[in-house]
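Take a look at the structure below.
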C-alpha cells in the first residue's frame, strides 16, 4: 500500500494529461489568489511603507551584507524552524504540518508529472514519502484542531465550532485525509475509492481555490513580516519597543534582601 | 487608552484572551488573530500588553491628552523580572523607564490549582486556604500574648 503510486492506478480512468492540467490549474489558482490577496488587503503596500519608515527612523543603517545575513537568519530560524512561535506545542504542530505539506505536495507533483502511468514504474520511495507527508499533516493538523487551537484553549469554545478562519486548516485536513482514504481503498480495489476520489478533488479545489479568503497566503507574508522585525531590531528602532533592561542585577530591592514572602 | 493589536506580529496564541480582566480581548473569526472587541470598555490595565509574548499589543491614547502619533511600548523580561516602558511623544521626545516587577524568580509561585483542594471543615476556620503554611511564617501566625496587652482592656 505504501509503495503504490495512487495516481498511476488512476490513469486507467483519467488520462494523465487531465491530472497534470488539474495540478497546473491549482498552481495558477494559488499564484492568482495570493496576488489578489496582496492587492486587495494592501499587505504589500503596508509592508513597504513600514519598511521605509523603519529604515529612515533607525539610529543605525543596515548595510547590504547585514541585510543578507538577516534574510538568511529569517529563512533558517523563522521560516524553516517556525521560530516565531512562543509555544513549543504550537511550534511542533506547525513544523509537522508545514513539512508534511511540502513533502506531500512535492511528491504528488513528481508522481503526477514523472510517473503518471504503470508503464513508468514509480520508485517505492515516492509513494512512501507521499504517505509520510500526509500522515504528518494529519498528526500536526488534528492536534492543532482539537487541542491547540486558541478558540478551544483560550476561548473555551467547542472543537467543532467552525468559522471562516478554519477554511484553510479544514480544507487542508479534508483534502489530505480524503486523499489517504482514497489511496487506501484503491489498493483494496474497493468500489468506495471513486467516491472518496471525488470528495478528495472537491476538498483540494477548495484548499487551493480559496486563497483570497483563507490564511493560505500566510506562507508568503509571514516571512516578510519576520524579516521586517529583524531589520527593525538591527537598525535600533525595535518596533518602538524599549531596549533590554540592564538593571536590576538581582531580584528584590537594591538595598535589602526580600523578606516579605 | 484602549489597546490594539498589530496583526502581523500576533500569532493568535490566546494569552491576552486568558488574562484580560474585562474579557474584551477576543480572537477574530476570520483571521484568528487577537483584537479588542470593545475599546471603550478597556480599563488600561496593560495586562495583555505585558503578557503578549510577541509584543504585538500596543496602546492608543485618547486624542484629548495624547494626540495621535505618540507611542507607548512595553517590554516584559521574565528572566530579569523587569518591565520596561518606552514613551515616544509626537514632538519626538522620548522617555524610558525600567521597573522590577518580582522579588522571586519567574514561575516560582504556585498557582491555586497546584495546591490540594480544601477540606469541607476548612471553610469554618478563620484562616484562608492553606494558611498558615502558605504564609511561610515559622512558628505559626503572630499573636499578642496577654501580658503584652494594656491592663484593663481585656
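The values are calculated or read from the model by the stated rules, or taken from the named source; none is laboratory data. Keep in mind it's a predicted model, so treat the numbers as computed, not measured. Neighbour counts are summed over all protein chains in view; Cβ atoms, including those assigned to glycine, are modelled from backbone coordinates with ideal geometry.
Out of the stretch B:29-52, which residues are assigned to a loop (DSSP other than H, G, I, E, B), within 12 Å of chain A (Cβ to nearest Cβ) and either surrounded by 19 or more Cβ atoms within 10 Å (Cβ to Cβ) or at pLDDT 90 or above (or both)? Break it down into steps so the answer makes sense when it comes.
First pass over the stretch B:29-52, keeping only residues assigned to a loop (DSSP other than H, G, I, E, B): B:29-33, B:37-38, B:42-46, B:52.
In the following step, the residues that additionally are within 12 Å of chain A (Cβ to nearest Cβ) were identified as B:29-33, B:37, B:52.
Passing the criteria: B:32, B:33, B:37, B:52.
Would you say residue A:234 is over 19 Å from residue A:101 (Cβ atoms), more than 15 Å from the chain's Cα centre (by Cα), without any contact (Cβ under 8 Å) to a residue 12 or more places away in the chain and buried (at least 17 other Cβ atoms within 10 Å of the Cβ)?
no
Every residue in the stretch A:54-78 that is more than 18 Å from residue B:56 (Cα to Cα) and either within 14 Å of chain B (Cβ to nearest Cβ) or not in a helix (DSSP H, G or I) (or both), please.
Residues satisfying the conditions are A:56, A:57, A:58, A:59, A:60, A:61, A:62, A:63, A:74.
In the stretch A:80-97, how many are in a loop (DSSP other than H, G, I, E, B) and more than 10 Å from residue A:148 (Cβ to Cβ)?
Of the residues in that region, 7 qualify.
Go through the stretch B:9-28 and give me each residue that's touching a residue at least 40 places away in the same chain (Cβ under 8 Å) and either at the interface with chain A (Cβ under 9 Å from one of its Cβ atoms) or out of contact with any strand residue (DSSP E or B) (no Cβ under 8 Å at 6 or more places or on another chain) (or both).
B:9, B:11, B:13, B:16 - these are the residues of the stretch B:9-28 that are touching a residue at least 40 places away in the same chain (Cβ under 8 Å) and either at the interface with chain A (Cβ under 9 Å from one of its Cβ atoms) or out of contact with any strand residue (DSSP E or B) (no Cβ under 8 Å at 6 or more places or on another chain) (or both).
Any chance you could count how many residues in the stretch B:66-86 are more than 7 Å from chain A (Cβ to nearest Cβ) and not in a loop (DSSP other than H, G, I, E, B)?
4
When only residues in the stretch B:87-106 that are in a loop (DSSP other than H, G, I, E, B), within 14 Å of another protein chain (Cβ to nearest Cβ) and free of Cβ contacts under 8 Å to residues at least 24 places away in the same chain count, which is farthest from residue B:1 (Cα to Cα)?
Filtering the stretch B:87-106 for residues that are in a loop (DSSP other than H, G, I, E, B), within 14 Å of another protein chain (Cβ to nearest Cβ) and free of Cβ contacts under 8 Å to residues at least 24 places away in the same chain, the one farthest from residue B:1 (Cα to Cα) comes out as B:104.
Search the stretch A:142-165 for residues being assigned to a helix (DSSP H, G or I) and at the interface with chain B (Cβ under 10 Å from one of its Cβ atoms), and hand back the single one that is surrounded by the fewest Cβ atoms within 10 Å (Cβ to Cβ).
Selected residue: A:164.
Might you let me know whether the stretch B:110-123 holds any residue that is within 28 Å of residue A:225 (Cα to Cα), surrounded by fewer than 15 Cβ atoms within 10 Å (Cβ to Cβ), more than 11 Å from chain A (Cβ to nearest Cβ) and modelled with pLDDT of 85 or more?
no
Mind checking which residues of the stretch A:100-118 are surrounded by fewer than 18 Cβ atoms within 10 Å (Cβ to Cβ) and over 16 Å from residue A:168 (Cα atoms)?
Hits for the stretch A:100-118 are A:106, A:109, A:110, A:113, A:114, A:117, A:118.
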